[in-house]
Amino acid sequence: MPYLAIGVVFQILNQQYMHTSFLLSKRNTFYLINSGSILLFNVIVSALLIPRFGVMGAVWGRLGTEAFGFFSSLILTRSAFAMPFPLDRILRVVAAVGAMALVVRFLATSAPDQGPTLLFAQIPAGIVVYATAAWLLDIGGLRAGLRGFLLARWRLGGVPP
């Protein structure tokens with residue numbers, strides 16, 4: 001599960017951020033090139049990894065495919081509409097996802113029960129760890145946003161912060 005979460009981070013960065021460059025530059029063929037190369041990469045990686053490693057091969061293939069898609073988009077955007085790359089923000093999200101992944105992985109390797117009970121422990125643990133890391137790292141301006149919300153409530157006659 002943690003490896004898939006990291007793959008989803010790459011997927012979101014690619015599809016929700018980098019592909020915007022192709023739309024803004026009106027170079028939709030870059031979107032096609034990127035999507036086609038991702039599909040081809042996924043087929044090749046899956047054919048190589050799944051027979052040898054089974055489900056974990058599929059997981060690693062997905063992670064590799066999403067990373068490949070992001071980095072190929074990054075290269076293509078330099079020829080389209082250069083998007084700013086907020087490395088500090090991305091690293092904070094990666095750190096929060098990494099902390100969550102470590103806790104979820106620890107639970108998976110140390111739990112005697114590998115059934116649904118483990119999943120019901122991993123999900124809330126992952127949420128708590130990610131939320132705590134998001135708060136500590138101020139991902140998305142979480143602390144400032146909450147502070148502004150509480151100040152606005154206080155000014156409107158609510159409870160003082």
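The values are calculated or read from the model by the stated rules, or taken from the named source; none is laboratory data. The shown structure was predicted, so the numbers you read here are calculated from the model rather than taken from an experiment. Every residue, glycine among them, receives a Cβ derived from its backbone with ideal geometry; neighbour counts consider all protein chains shown. Note: areas computed on protein heavy atoms with side chains; ligands, DNA, RNA excluded. Shrake-Rupley method; radii C 1.70, N 1.55, O 1.52, S 1.80 Å.
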Assigning unit charges at the beta carbon (Lys, Arg +1; Asp, Glu -1) and nothing else, what dipole magnitude in debye, to the nearest 20, does the range 63-161 show about its Cα centre? 440 debye
State the extension gain, in nm to one decimal, for the chain segment bounded by Asn28 and Asp113, taking 0.36 nm per residue of separation less the distance between their alpha-carbons. 25.7 nm
Structure-derived semi-axes √(5λ) of the Cα gyration tensor in Å: which label, when the choices are (1) 26, 17, 16; (2) 33, 28, 10; (3) 34, 19, 14: (2)
Can you show me the helix-derived [θ] at 222 nm for the chain, built from DSSP H runs with n ≥ 4 at -39,500 (n - 2.57) apiece and divided by the number of residues, rounded to the nearest 500. -26500 deg cm²/dmol
In whole Å, how far is the Cα centre of the range 56-72 from that of the range 75-142? 17 Å
The range 43-161, accessible surface, carbon-and-sulfur percent (1.4 angstrom probe): 74 percent
Low-density loop positions, trypsin sites (Lys or Arg not before Pro), the range 1-83 - DSSP coil, at most 14 other Cβ in 10 Å: Lys26, Arg78
Helix hunt in the chain: which complete DSSP H runs extend at least 27 Å axially by C-alpha with mean Kyte-Doolittle at least 0.5? 28-53, 55-77, 87-110, 116-137
So what is the relative contact order of the chain, in percent, for Cα pairs below 8 Å that sit 6 or more residues apart? 25 percent
